[in-house]
């Protein structure tokens with residue numbers, strides 16, 4: 001399960017922001033953001049709302065949702081799960097960069113064929 005802290009860390013890095021920048025934007029300190037990210041403290045409801053507003057995510061997602069939910073929104077579940085398996089294997093180095101690139105080329109070709117069929 002992905003914790004509140006995991007999500008804050010993920011969103012911060014995705015926006016390419018520092019803990020100082022996030023803290024200034026939501027009215028807290030770098031130390032507090034660091035403690036959230038390391039799951040050392042839980043935010044108050046007001047702080048959680050401020051963070052959700054800043055990152056433009058729902059408070060529900062931030063509190064309990066799947067980390068990959070924003071990515072998954074427009075991808076059918078079975079396809080998303082397949083992507084995740086490939087990513088997990090790539091991360092564990094069972095798949096080389098060349099093999100992953102070959103897979104991406106194949107996907108592009110399949111999409112081209114499907115477009116031509118319509």
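None of the figures in this text is laboratory data; all of them are computed from the coordinates on show. On a predicted model such as this, the values are computed, not experimentally measured, just so you know. A quick note on method: Cβ atoms are made from the backbone with ideal geometry, for glycine too, and the neighbour counts reach across all protein chains shown.
From the C-alpha coordinates alone, can you work out the Kirkwood hydrodynamic radius of the stretch 4-66, in Å?
Every distinct Cα pair counted, the radius reaches 11.3 Å.
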- prompt: On full extension of the chain, what length is gained from residue 63 through residue 2, given 0.36 nm per residue of separation minus the C-alpha to C-alpha distance?
  reply: 21.0 nm
- prompt: What full-extension length gain, to one decimal in nm, is calculated for residue 78 and residue 107 as 0.36 nm per residue of separation minus the Cα-Cα distance?
  reply: 8.9 nm
- prompt: Extension gain residue 49-residue 100, at 0.36 nm per residue separation less the Cα-Cα distance, in nm?
  reply: 14.5 nm
task: Rank-order 37-46, 16-25 by packing density, defined as the average count of other C-beta atoms within 10 Å over each peptide's residues, highest first.
output: 16-25, 37-46
